[in-house]
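S.K.: This is the structure I want to talk about, given as structure tokens.
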Amino acid sequence: MRKYLFVTVMFFVFVVGCDSLRFAPNETQKQNAWLHNRTTSMTAELAEDEVTSAELQSLANLSEVQSRAFVSYCGLPKEYPQAETAEDLLSDNSFAITQAAISDSSERPDVWELTDAGLELAIAISALIGGVYGTKAVVFLKEARAKSKALKEIVEGNELFKKLNADSEQAFKEAQKNQSTETKTIVAELKS
């Protein structure tokens, strides 16, 4: 039983630390990366054509080469935005794509959904394994999922209470001060 507890705790710690997890680049982000590469490429060409300083030309060329990594990481878009001229690149459409990509890039997976999905997967695998240990694991994991749901409801309820009763926030914090450091850490990570 300790093994199951250890696996669940490790899984929970992994999921709670999902601030570093990100969604795969979407079409808008791919278009933005491609537009960035086109912009830096055109900037490097213009810097050379307009006989700017060697330092500015080198910076523009370096920027163009660096932007290839963004396109490589994101992948090529299915639909290429218009980007043949400076006017195309400076169009409202390019700025709209950039703003949408900035907004999309700040999104993170929901910790609760990841936890629930992970526990569902673990339950399915345990059920496939079967036998005494598989059955025990399924029971244990279902209990862990129920506790995860309960924790989510408690954290969300506490946050709603603090919003609705701003004048009681200090009293609320005082009532929670005897929590263990581990509990405080888990709740702080869940709130963010």
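The values are calculated or read from the model by the stated rules, or taken from the named source; none is laboratory data. All figures in this text were calculated on a predicted structure; none of them were measured in a lab. When we count neighbours, we look across all protein chains shown, and the Cβ atoms used for this are built from the backbone with ideal geometry, even at glycine.
S.K.: Which of the residues spanning the stretch 106-134 are of a type outside the set (Phe, Trp, Tyr), without any contact (Cβ under 8 Å) to a residue 12 or more places away in the chain and at negative phi?
M.R.: Those that are of a type outside the set (Phe, Trp, Tyr), without any contact (Cβ under 8 Å) to a residue 12 or more places away in the chain and at negative phi: 106, 110, 113, 117, 121, 124, 125, 127, 128, 129, 132, 134.
S.K.: Six or more apart or on different chains, Cβ atoms under 9 Å: show the pairs whose first residue is in the stretch 135-149 and within 14 Å of residue 124 (Cβ to Cβ) and whose second is in a helix (DSSP H, G or I) and among the acidic types (Asp, Glu).
M.R.: So the pair list comes out as 141/120; 145/116; 145/120.
S.K.: A further question on this structure: What is the number of the single condition among (1) modelled with pLDDT of 80 or more; (2) closer than 30 Å to residue 32 by Cβ that residue 192 does not meet?
M.R.: Answer for residue 192: the failing condition is (1).
S.K.: Turning to a different aspect of this structure: Residues 129, 125, 102, 97: which one is of a type outside the set (S, T, N, Q), out of contact with any helix residue (DSSP H, G or I) (no Cβ under 7 Å at 6 or more places or on another chain) and closer than 20 Å to residue 22 by Cβ?
M.R.: Selected residue: 102, the only one of 129, 125, 102, 97 that is of a type outside the set (S, T, N, Q), out of contact with any helix residue (DSSP H, G or I) (no Cβ under 7 Å at 6 or more places or on another chain) and closer than 20 Å to residue 22 by Cβ.
S.K.: Ok, one more. Would you mind stating whether residue 184 is within 23 Å of the chain's Cα centre (by Cα), of a type in the set (Lys, Arg) and over 30 Å from residue 44 (Cβ atoms)? Spell out how you get there, then give the answer.
M.R.: Values: within 23 Å of the chain's Cα centre (by Cα): yes; of a type in the set (Lys, Arg): yes; over 30 Å from residue 44 (Cβ atoms): yes.
Against the criterion (within 23 Å of the chain's Cα centre (by Cα), of a type in the set (Lys, Arg) and over 30 Å from residue 44 (Cβ atoms)), residue 184 qualifies.
S.K.: May I pose another question? Any residue that is touching a Pro at 6+ places or on another chain (Cβ under 9 Å), among the basic types (Lys, Arg), in a helix (DSSP H, G or I) and modelled with pLDDT of 90 or more - is there at least one of those in the stretch 13-32?
M.R.: Checked the stretch 13-32: at least one residue is touching a Pro at 6+ places or on another chain (Cβ under 9 Å), among the basic types (Lys, Arg), in a helix (DSSP H, G or I) and modelled with pLDDT of 90 or more.
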